[in-house]
Every structure is written in C-alpha cells, then in structure tokens.
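As structure tokens, the structure follows; a few thoughts come after it.
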Amino acid sequence: MSQSDPKLNINSSVRQNVFVRQESIAARQPPIPTRGVLAWINDNLFATPLSGFVTLACIALVALVVPDLIRYLFIDAIWSAEDGVPCRVEGTGACWAFVERKLSFFVYGSYPREMVWRVNLTLLMGALLVGWLLIPRLPAKRLASVLFFIAYPVAGYWLAYGFEGVLPKVSTNLWGGVFVSLLVALVGIVMSLPIGIVLALGRRSHMPIVKFVSIVLIEFVRGVPLITVLFMANTMLPLFVPQELTPDRLLRPLIGVSIFTGAYTAETIRAGLQAMPKGQFEGAMSLGLSYWQMMRLIILPQALTMVIPGIVNSFISLFKDTTLVAVVGIFDFLRAIEVARLDPVWAGPSLSTTGYVFAALFYWVFCYSMSRYSQNLEARLAVGRRR
Amino acid sequence: MSDHKLTHRPHIAWWNDPFYRGLVYQLVLLCVLLVLVYEAASNASQNMRARGIPTDFGFWFKTSGFDINLTLIDYGAASSTYGRAFWVGLLNTLLVAGISIPIATLIGFFIGIARLSANWLMARLAGVYVESLRNIPLLLQLLFWYNAVLKPLPNPRDSLVMPGVQITQPDLSTTIIASLMVLAGGLLLRRSRAMQGTGTLLGNVFGSVLIGLAILFWLFGGALLGLANVGLLHLSGSMGVFLNNRGLILPEINLVGGALELSIASLIGLGAAFVYRAIARERQRQTGKQQAVALIMLAIIIGVPLITFGFLDSHVTIAYAELRGFNFAGGVRVSPEFAALIFGLSTYTASFIAEVVRGGILAVPQGQNEASAALGLRRGLALKLVIIPQAMRVIIPPLTNQYLNLIKNSSLAVFVGFPDLVQVFAGTVLNQTGAAVQVISITMAVYLVVSLFTSLIMDLYNRRMALVDR
C-alpha cells in the first residue's frame, strides 16, 4: 500500500474507458433440445465429435457382423434334412437339421432309448427342487433342502442307475450328453456345500492343526487347474485305495469336481462368516449354546443366506467347468457334440459351427439366467442391510 | 473378555475344558489323517508294484522318444529326456501366459472403460461382449476358434494371401502424396475440434465424419509413407503373409551382424528416454509448462537404435515363405493351436477383467469425476490422471485372481493339442511312463509355485500402489 489510494486510481481509469453498448446482441442459436429423440441422440450418441465417431464406428461394426450372422443362422440355414447332403451345398448356413436329428443323442448320450423316462424324471425332480430352493417366495425351505441334499441324490441314483429287482441297471458307460453335464453340476453343488462349510469353519477355527489342515487343502486346490485335479482323481485315486474298492469311471471325476468346488465354496462361505457381526457369536454364547448349536441355529443360517449370490456365482463357474470332464473320458454334452460333428453321415463345413453355436446357446442361457438371478438376489438381500 | 481376570478358575472337569477338548479333537484329526495317508501310501506302492508302474523319479532321465512341435529350447525325440520334455512344456505354458496376460489386460481395460462410456452404443456393445463371452465355457470357445474357424481355412496351396504393395525404390511422388494425406488428416482433425465448439447435433455429426476421414487419411497416408521410404517391399503381389489351415505364415526377419551393438543402443535409447522424462517432469514442476514427453520419448527410443544401425556394417535379411509342394518352406509359422489358445484365453479372460475394471472405476467416489470435470479435464485425461490411479487399488487384487485363472486355464491347451505343460507332461509323459503319482504331483507343484509367485509379485505391486494413499 505504498500509493495513496489505489482504489480511486483504478476507478478513474475505468471511468475513462467506459463503454455502453448501443445496439442489441445478435440472436443466439436456440438451445439444444433436452427432451425427445433428437436430444437423446445428441446426449448419448453424438455428444462430441469423438463420441460421434465412436458411434459411427460401432454402427459400421454392427452392420458388418449382424446381417451376415442372421443370414448364416436363419435365412441360409437348413432347417430339415434326412442327412448331411443339403448342408454340404456351397453357401448354405447353419445345419439345424443336424441338431434336430441328434438332439436325443445330445441330451441322453447312449442311454437306452426305451428307458430315457428315468433320466427325464430324475432331471425333472432336480429342476423342481432347485426351483423350490431358489425362488424366495416358496415356503418350507428346510424341507426342500433336506429333500434336495439328502433324498434327491439317493432317489436320483436309484432312478438313473437302477435298483436291484425293480429297475434294470444302466451302466455309467452309456450315460452321456446334457444329462451327464447336469449330473456333474448337481453332484458338484450338492457335495460342495457340506465340504465348503466344514472347510470354512475349519479355517476360522481356533485349533491350530484344524486351521492348518483346512488352509492347506483350500489353497492347494485353488492353486491348481481343475484339469490336474481331474487327472489326479482319474489316475491317482484308483492307486490310493485297495483294488476291490476302485471307484467307478464316472464317480472319479465327480469326487474331483466336488473337492474342487468345495474349496471355492469354502472361501465364499468364509466371507459370509467374516461378515457376521461379533454380537451374533457373543449373543449365542451367552445363551449357553454349544459351538455346533451356535453354528447350526444362529450363525450359518444368516451367513449362508448372505452368500447365496456368491454360491450361485461359483455354481455358474462349476457349470462351465463341467465341460472339462471330457479330458478323463466322460461323455458330457460338449463331448457329444464333438463326436456327433464328425459323424460321416452329417460331416460338412458348417457342422462344427452349428454344433458349437447350439452348445454355446445352451450354456449361455443357463449361465446368464443364473447370473441374473444372483444379481436380483443380491439386490434383494441388500435391501435389508441398507441404512 | 481379557479385561478382567477371574481370580480363580471355576472348577470344571478337564473333559469340559475347551483347551483339553481342542487338544483331543486335534489329536483325533491328526491320527485320522496319518492313518489315511499311511493307507493311501501303502495301497499306492502295492498297486503300483502290482501293475509294474515305476515308483521313483528314474524316468526323469530316460530318453523321451516323442516329438513336440513347439520348443523354445533345444529338444529332440531321440536325444532328449522326459525331464527336458517337462521344461519344454513348462516354457510353453509360460509363453502362452506371458502373451495372453498383456492382451487380456488391454482388451479388458478397454471394454471395462467402454462399458461405462457416455456413448450409449459403445456401452451396449461392450456389455454384449462381456455378457456373451463370460457365460460360455472357455473350452467351448477354444474348440470353436480351433475347429470351426482356424481349421476350415484353406490348405496351403489355396492360402489366403495378404496383398502387398509394389514399391521398388524410395519413391518421391508417393512420398509427397502420402505426406499430403497425413497433413490433410491433421487439418481435418483440427476442423473437427472446431466443430465441437458449435455444440449442435449437426456440428457434432459433421465433426465425427471429419474424424473418421482424418483417421482414414492417416492410416493410408502413414502406411504409404512408411513403405515408400523403407522401400524394402519389392514383392510381386504379396507381402509374404499367408493364412491357411497350418497357421499364419509370416516372413522371417533376421539381423545379420551388429546384434550386440544394436541391443546396447536400444538400452541406451531406453535409458535416455527415461532420463528425458525425468528432466521434463522436473521442468514442468518448476515452470508449470507442459512438455511434449510421449512423442520425444518415442523418438529417442526408436531413433537411437535406428541411427546406430545406419553407422553399422550390418543389414536385415527378410526370408519370405515359399510354397514347396504341399507346404510352405521358410518364414515363421504361428500354429493354429497356438493362435486359438492365445485368442480364446485372452478374449475370455478380458471379459472378466472388464468387470473388475468397471467395478474399480465405479468404486471411485463420484466427487472425483465432478472435481476433474470442474478442473476442465477431458474425460480421457480425467480417467488417466484421476480415476484410474485411484481405481487401481480396488482393481489389483481381483485382477491378480484373473491372471492366476488365466494361467490355470492355459491348461485347456490339452484340448486343442497345444504342447503346454499338461499336454506334454501330464499327458504324453504320463501315458508313456505310467508314473501317475510322480507326474501329477510335479505338475500340480508347478502350478502351485506359479500361483504363489504371481500372488507375491502382485502383492508387492499392490503394496507400492497402496503406499500412495494419503
């Protein structure tokens, strides 16, 4: 503040240069509409030149791929044929006739055709029970889980495999297709829950040896690929047991898959256990409940409900992983497609694509609907915990 | 609980004392485990002896006698051992992982960010990518790429040929035309920036067409400029790139002489570029002026070895593949097994990485977005400077899991016949020697070690990232 009055100086200089506008300002462009189709396009597709360029590039991509795809899958496709001859004609699309003719092979493998009602019944029972368990509105979940986790495996086994004197036995060598894929997935989920619960409790236990054994098992299984676990179940397991106890060819990968999924489920359940407020444990203990009573009545019901989305997610990856059992010679859905597409009666240039697209559709519908279910459930569960 | 000590323990029977109970439980568990292990071991040795399976690791030093079609180290069926085959398989697995992980990361980040884009169409397409790929089994995708896409390609005689450009000498008129095209591209891009200022729908549409044209001009002009100046490609009609059911065949480029000098020059260039970056950053810190870092770094990294090359008495030879009889001779071949595996693994894992990235970006508080917009940062810069660095802390742990999954999933190579660790060792070696227990234990141990090692590295990186937190 060396000068006497700087404020006054500025004011006087401004006053000298004062400018008052005489004419009116030119009319501006009307504002960009904020509602309607054009506004939407402006906001979401052409917000800036760069965004507009991206839109154009995306449209070009779609225009390049989608018409050809539709032509291949629908317009040029062969919908009915006796054998592969029409499908081999140059320029034809997917050979859906092949899928139609081979459908029963894809679903049942080599299971005797006159007895497939047994497979159908088994799968239907499974579907009903799973639906009962997963749809939150339906009552008596406890009964449903007893039926699903205990009664259903036994009944399903008798139905599909046969029961002395009532139903003739069908060797597991004949089992195949979607049936085996679903079987592996169902056994995996049924077995993985108890394994997962035990391992998760073990990992959170205060007993050092129990904890150590659980950690080693979980981390070992999670650290190796499923293929090696399947190899191990297939080649090493028969060596570890006395020869007369050698497990069935189909049973071995089932054991491998169960342990594998069990380890992943254990980590999911552990997350649920860790998320339980301490007060629940303390409250249970102050009521004088024993460890198992506390877990069974207080902790697990809450923790498991909390992690159902996680369990469904691990079931999705299990369902995708069932394709790997082909490596130990199990005839699952994908393997059935692999065999069928090489059938000389049908073999042709479009057959591989047709088979794979069909399989992809099957797996996609299953996995996508399960993931939507899990997202829904997550949102539903979050409602109760939202503050 | 430990706040107040009881002055005297209430008298309880020892079998009701949790400490002794735990001890008993653990002893029982230990005994059961020991019995199980002992039973398994004695059964195994009995069964193995009964079936004539080797029980030791002697097979490791025996001659393998089978061929492997991709070997990174010297290997011959007649001269090499099973142990050598193991190393070949392991290196192939690591090769697949090493190539797929960066590709998957790039695609994954791109798709993950695209899914959150303000551009509706791009966000939808990214969503379609993620939801379709991650809900279809990887094995199915691999088989599709291999059996339905790569295998039905024509045989070598009818290969798809990538068309080449016929330029014999560095050509002045082509150079001028190409330079003009690049220049025109730049002008068009400038013009499109100006269109952004109009803020109208029509202006933006027009601007986006301009960008498209600019990119076309740059691509064609740049490629033409490069070809015209290098003048290397004096081929009639083909660049020596062929695609057929034996794979992708590329010309083999070899450096004759001067390898040592060039690698030293490259290292010096790399070092100089980073020194330059440090200087530029320091200057920016002091003066506040932004320095052109990326372009100059690129120029240094490419320029130093290029100038050195000019002074050296060495040259580059290009061996083009030629069709001899039923197959190609010369050149480098990328086998369809390898291509299918890399492509399938990368695109599949990318769909998971995209979700991880999306989650990470969404976890950054909205205020950070708004603040960077208030500072005048464009969306790209905001992502690069503000959002992604913070999102990385959330992203890294699940990203590590995806890398581990990719490494484990590379074992699916066995289904398309690519010689990775599982196919070579747990497949062929196991079948030939029958040493199931040893072979599978070694294979599992390798994956365990790789998993643990990767977790360790990512953990270290994660710790470095976390330290930035204030």
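Coordinate-derived values only; no laboratory data. Note that the coordinates shown come from a computational prediction; the quantities given were computed from them, not determined experimentally. As a convention, Cβ positions derive from the backbone with ideal geometry for all residues, glycine included, and neighbour counts pool all protein chains shown.
³J(HN,Hα) across segment B:20-37 via Karplus (A = 6.51, B = -1.76, C = 1.60, θ = phi - 60°), whole Hz, x for Gly/Pro? Result, ordered by residue: 5, 4, x, 4, 5, 3, 5, 4, 4, 4, 4, 4, 4, 4, 4, 4, 4, 4 Hz.
Assuming R0 = 51 Å, what is the FRET efficiency of A:Ala60 and A:Gln280, from their Cβ-Cβ distance, to the nearest 0.05? Don't jump to the answer; show the numbers that get you there.
Working: r = 57 Å, r/R0 = 1.11.
Approximately 0.35, to the nearest 0.05.
Phi angles across segment B:401-414 convert, under the Karplus curve 6.51 cos²θ - 1.76 cosθ + 1.60 with θ = phi - 60°, into 3J(HN,Hα) values of 4, 5, 4, 5, 4, 4, 4, 5, 5, 4, 5, 5, 3, 4 Hz, Gly and Pro given as x.
Basic side chains Lys and Arg get +1 at the Cβ, acidic Asp and Glu get -1 at the Cβ, and with that the dipole of the protein assembly as shown about its Cα centre reaches some 2800 debye. Between A:Arg113, A:Arg28, A:Arg203, the Gaussian network model of chain A with springs among Cα atoms under 10 angstrom shows the greatest mean-square fluctuation at A:Arg28. Our helix-only sum for chain B, with -39,500 (n - 2.57) per DSSP H run of n ≥ 4 divided by its residues, gives a mean residue ellipticity at 222 nm of -21500 deg cm²/dmol. Distance between the modelled labels on B:Tyr38 and B:Arg21, one decimal in nanometres: 2.9 nm (7 Å Cα→Cβ projection). Isolated cysteines of the protein assembly as shown, defined as having no other cysteine beta carbon under 4.7 Å away, are A:Cys58, A:Cys367, B:Cys31.
Please enumerate, by chain and number, the aspartates and glutamates with C-alpha under 15 Å from the C-alpha of B:Lys384, excluding those fewer than 8 residues away in the same chain. Output for B:Lys384: B:Glu370. Straight-line cross-link partners of A:Lys320 among the lysines, defined as a Cα under 30 Å from its Cα and at least 8 positions apart when in the same chain: A:Lys102, A:Lys141, A:Lys169, B:Lys151, B:Lys408. From its DSSP helices (H runs of at least four residues, each -39,500 (n - 2.57)), chain A gives a residue-normalised ellipticity at 222 nm of -20500 deg cm²/dmol.
Residue-wise HN-Hα couplings along segment B:250-258, as the Karplus relation 6.51 cos²θ - 1.76 cosθ + 1.60 with θ = phi - 60° gives them from phi, are 10, x, 8, 9, 10, 9, 9, x, x Hz; Gly and Pro carry x. Taking the fewest neighbouring Cβ atoms within 10 Å as the starting point, the ordered list for A:Phe19, A:Phe319 is A:Phe19, A:Phe319. Sites counted here are GluC sites (Glu not before Pro) in a DSSP loop (not H, G, I, E or B) having no more than 10 other Cβ atoms within 10 Å; the longest part of chain A that contains none of them is A:165-387. Once the gyration tensor of the Cα atoms in the protein assembly as shown is diagonalised, the equivalent ellipsoid follows with semi-axes of 53, 41, 32 Å, ordered largest first. Since only B:Gly98, B:Leu160, B:Ala214 are under comparison, the one whose Cα sits farthest along the positive direction of the charge dipole of chain B, derived from C-beta charges on Lys, Arg, Asp and Glu, is B:Ala214. For chain A, the relative contact order is 18 percent, taking Cα pairs closer than 8 Å that sit 6 or more residues apart in sequence and dividing their mean separation by the residue count. Cβ-to-Cβ counts within 10 Å put B:His315, B:His11 in ascending order as B:His11, B:His315, the fewest first. What net charge do the residues around A:Val170 carry, taking every other residue with its C-beta under 15 Å from that of A:Val170, with Lys and Arg at +1 and Asp and Glu at -1? For residues surrounding A:Val170, the net value is +1.
With a 10 Å cut-off between alpha carbons and a GNM built on chain A, which of A:Ile330, A:Ile209, A:Ile308 moves the most? Maximum among the listed residues: A:Ile209.
Here the simple spin-label model places points 7 Å from the Cα toward Cβ, and for B:Gln366 and A:Thr34 these points are separated by 1.7 nm.
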